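The values are calculated or read from the model by the stated rules, or taken from the named source; none is laboratory data. Predicted model, so just to flag it, every value in this text is computed and none were measured. Here the Cβ positions follow ideal geometry from the backbone for every residue, glycine too, while neighbour counts run over all protein chains shown. Please note that ligands, DNA and RNA were not included when accessible areas were found on the heavy atoms of the full protein model with its side chains. Shrake-Rupley method; radii C 1.70, N 1.55, O 1.52, S 1.80 Å.
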Amino acid sequence: MFLTNMFANKTNMVSEDKALPGREEALEIATNHYVNGETVRGPYPQGYETIYFGMGCFWGAERLFWKIPGVHVTAVGYAGGLTKNPTYQETCTGLTGHAEVVMVVYDPARVTVVELLRIFFEEHDPTQGMRQGNDVGTVYRSAIYTTSKAQLEMVKMVRDGYAKALQSSGRGSVTTEIKPLETYYYAEDYHQQYLAKNPGGYCGLQGTGVSCPLPQAQSAAE
């Protein structure tokens, strides 16, 4: 049971001693992606890579990425926090430390991580701290969780370039949390590919209107 006084300050990261404990059992989801039919939990084809993006509400973010040629499969979930196998209700309290994220599995021979990063930075506002628009709280923070050293280095390079572009346009500093993924937990099945199941559902994605400059020689393989 959750009490309203537990929700009082959602914009500060919860400490380990105050985080909800969660559970050992993972949430159950459908085996196959609702849109493209691919296996959500894998195994994925050899050579494919995975990255995790937090852009506020994960419904619109997932739809954004499943449409990209070269993206194999997507799923929404929770990452960057402390609670094991959290539920949506728990995550929304701010007492799990997790951000809502979309898992993106992609073929780097068809779409590079740089191109995915361009979409990430341009399609939301990475300067808002613990919020996206009217969605307020740590769960809605801008975040990127990487799965390789090369990814992490490229993320920081693109972030730095976009920070300069934002500064030149009079915008604020980039607040995106960037670090290697520790643990990812799949969200409940009804959240998976939500906007395909509910076309009229909420999508709060809104970019800054500032283009993201890309490092040279970083396009999809020919």
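To keep it simple, each residue is scored yes or no on (1) basic (Lys, Arg); (2) open to solvent by 40 Å² or more (accessible area, probe 1.4 Å); (3) assigned to a loop (DSSP other than H, G, I, E, B).
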site: 10; (1), (2), (3): yes, yes, yes
site: 14; (1), (2), (3): no, no, yes
site: 25; (1), (2), (3): no, yes, yes
site: 30; (1), (2), (3): no, yes, yes
site: 35; (1), (2), (3): no, yes, yes
site: 61; (1), (2), (3): no, no, no
site: 68; (1), (2), (3): no, no, yes
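Out of 96, 50, one residue alone is touching a residue at least 40 places away in the same chain (Cβ under 8 Å) and under 20 Å from residue 132 (Cβ atoms). It is 96.
Each residue in segment 55-89 was checked for being in contact with a helix residue (DSSP H, G or I) (Cβ under 6 Å, 6 or more places away or on another chain) and under 19 Å from residue 205 (Cα atoms), and 7 pass. Can you pull out the residues in segment 72-103 that are open to solvent by 20 Å² or more (accessible area, probe 1.4 Å) and in a strand (DSSP E or B)? Selection gives 72, 84.
Which of the residues spanning segment 104-122 are assigned to a strand (DSSP E or B) and hydrophobic (A, V, I, L, M, F, W, C)? Those that are assigned to a strand (DSSP E or B) and hydrophobic (A, V, I, L, M, F, W, C): 104, 105.
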